[in-house]
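Written below as structure tokens is the structure these notes are about.
Derivation of every value follows stated rules applied to the coordinates shown; laboratory data play no part. These numbers come from a predicted model, not from an experiment. FYI the Cβ positions are ideal-geometry reconstructions off the backbone, even for glycines, and counts take in every protein chain you see.
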Amino acid sequence: MNPTTRRTRTVIAAASVLPVLLALTACRGAKPSTPGAAGDDLRYGAAPAPHPDVTLHPDVVIVSGGSGVVRSVTDGGLTWRLDPDAGNADRLAPGKVMFVTGRGVGRVVDARRVDRDLAVTIGPVDITDVIQDGEFTSEQPVSLAEAAAYQFDDTFWASPSTEARSEPAATATLGRAPAVTGNALTRTGLRSSTAAAPATTGALDVEGLCCADGVGARFSYRHSGLNLSGTIAFVMKQPTAKFHLVIDGSTVTVAELRIHGAAGVRIQVDATTTTGQNVHPVAFVPVNFSVPIETILGIPFSATVRQSIGIRTGFSAGHTTIRASGEYSLGGTMGFGYADGGFGARWPGGLQVKRNLVDSVDGTSVGANALLIDYDVKFFIGLGAVVFSAGIYAGLTTTMGITRGSSIGFGGLQGLANREGCNRADLTINARYGIGYTIPALVAKVINFFLKVFNAKPIAAEGGIPNPPPVVNLVNKHWVTNRPVCQH
């Protein structure tokens, strides 16, 4: 496919936050809504429709007109401005669940007239807060290759002073990123789907990559004498997803999720410091990638990819450079099944080293220096998108560590000139899966600050089936430079 591109800018070192596209709901007994134009459906989501085989909670309000009655989305996705004359819009009140489209859904926190619009601020809901009874199955595997990019620009939390603000004020935009012609990334094999703004002082800027060849992020950071850039990717071959979900009496009784096409992990990084000052930037990639699934029994499900990345430096000296690249292959399917209150998981295995990080570590190092990169990717099937995606999910967290030993111990200054030293590379891959929703802790913290404005109940970072399965360690490997003196 042609890569899609959209300008993004991520947030700062300590608390970068993804925008919010909240979980889907539907209303029992409401009239079918009229879909909006095709372009609006791509921007705001498809309209739901009641179905005789699905029972929905009675406190859910379907706003007739679908995306055609959405005028704008503000406050980073928390406030939806609607046509106040839309059917059932007058029923929206705190405590109700708004369902206007597959993306515009949530528990109503505040609803009031603003100019000629009805501004509705919403919080998250779980899938079982929406559907009381229903069985949903994807008849065919859903291709992830044609995922559309969605983002919110300049969300109110995209600032280091978020917690100091007294008024949430920002305008968000979302929609399908315009298609452009671009080259595949030579180092990762991934096509670029979003383009990041130039790095800003003190900020980690990331560019989300998805989805024909996998998912990943290209990153850069320039501050305090540090220039850092690179790419990390979970590579996939023709990725597809398939699911089955049964809800009975507001309880998930059966669930199955399978993500096919896992192929491996690739990384490339280049860091230069003149001061030796250490940083720990974290960014939640401000673009999510979503594939609409055919409406099943009136419910417009979607497959959504969510990513985050964190970097930690461990420099002990200034005037140091570290460069490295590596590739590791994994094969198989990722996902899980759930029935009779128990989980069973399936994960890619058979780790093979195609290009070891430790063999490529290069640069100059007066002292021992290190880089640690955490990359998290989650695949959701269910309702909504981005942070508050609710349904069933599976994800991988990849941690890669690169240690560059001092060159001085290997021939003094001559050894430094030859860039010798003891190097080490570490790779850990953990898997997580479940039913419900998960929100990064920093996201929950900042959104809860926002909800205080409306005296709304704070949200939890996780929700869903109690006692979810524990994190599964798939890979825990380390490699040391192949020199006898470095083996001890």
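Placing +1 on the Cβ of every Lys and Arg and -1 on the Cβ of every Asp and Glu, with no other charges, gives the range 229-304 a dipole of roughly 220 debye about its Cα centre.
Counting charges near residue 138 (Lys, Arg +1; Asp, Glu -1) among other residues having Cβ under 15 Å from its Cβ returns a value of -2. Distant-in-sequence amide contacts of residue 87, defined by a placed amide H-H separation under 5 Å and a gap of 5 or more residues or a different chain, comprise 64. On full extension, the segment bounded by residue 93 and residue 477 gains 132.9 nm, given 0.36 nm per residue less the C-alpha separation.
For the pair residue 229 and residue 312, the difference between a 0.36 nm per residue extended length and the Cα-Cα distance amounts to 28.6 nm.
Calculated on the alpha-carbon coordinates, the convex hull of the range 210-321 measures out at 139 cubic angstrom per residue. Each residue of the range 253-260 was assigned a 3J(HN,Hα) from its phi angle through the Karplus expression (A = 6.51, B = -1.76, C = 1.60, θ = phi - 60°), giving 9, 9, 8, 8, 9, 10, 10, 9 Hz with x at Gly and Pro.
Do any of 242/354; 237/354; 354/477 go past 24 Å between their Cα atoms, and which?
As for pairs spanning more than 24 Å Cα to Cα, those are 242/354.
The simple spin-label model puts a point 7 Å past each Cα toward its Cβ; for residue 462 and residue 294 those points are separated by 3.5 nm. For a straight C-alpha distance cut-off of 20 angstrom, the lysines reachable from residue 452 (same-chain residues fewer than eight places away being disregarded) are 96.
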